[in-house]
Amino acid sequence: MNMQSRVFRRLAMSLVAATVLSTVTVVTAREPFTKDELKAMDEKLTASAKRGYDMWYGARADMSSNGLACANCHPDGAATNPQTFPKYMPQTDRVMAFRDMVNWCIENPQVGKALDVSSADMVALESYAFYLHRGVAIDTGLQTRQTAGPTPKSARGLNVKGTGIGFDK
């Protein structure tokens, strides 16, 4: 192939590429969420946290065989510090995720049936605990050195009317 043919071929390929690229629809990122979308998302998160609140205070009988609920040891999510997980837990001699610690508490102090870690109920418990600790600084380290507790918006940490379950009658 002579020099003139190579130049012509490169020019033709460049024109084809430019034509293809100019006909491709450019997809851009969408605008930020609308107020209605944000409201819907917040409502779903709040509903999950409310379910977690109910469970925290004893709504699922199978989580305990001795009458204990999460709130007996952790009222308003006290000393849970979910924002510090995963972390090393001396009682299990391993690094655990928050949901693993929740199941450890259900199976040991509460002598109950562990939750499926991918279930809506586990997500609800996490939603409640993390909701209470929004904005709380992370302080990793020894388990006994806890971060500052949350400042609840109500007597039970979640700005909702009591459900009549457990202690909030």
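With the cut-off at under 20 Å, measuring from each backbone N in segment 108-128 to a point 7 Å along the Cα-to-Cβ line of ASP62 picks out 108-127.
Counted by Cβ distance under 11 Å from MET55, the other residues give a net charge of -1, where Lys and Arg count +1 and Asp and Glu count -1.
Extension gain for THR46 to ARG30 (0.36 nm times residue separation, less C-alpha to C-alpha distance): 3.2 nm. The string of couplings for segment 121-137 from the Karplus curve (6.51, -1.76, 1.60, θ = phi - 60°) is 5, 5, 4, 5, 4, 5, 4, 5, 4, 5, 4, 5, 9, 4, x, 7, 4 Hz, one whole number per residue in order, with x for Gly and Pro.
Taken together, the values in this text are just the output of simple stated rules run on the coordinates, not laboratory data. Here the structure is a predicted model, which is why all the values come from computation and not from measurement. Neighbour counts run over all protein chains shown; Cβ positions are idealised from the backbone, glycine included.
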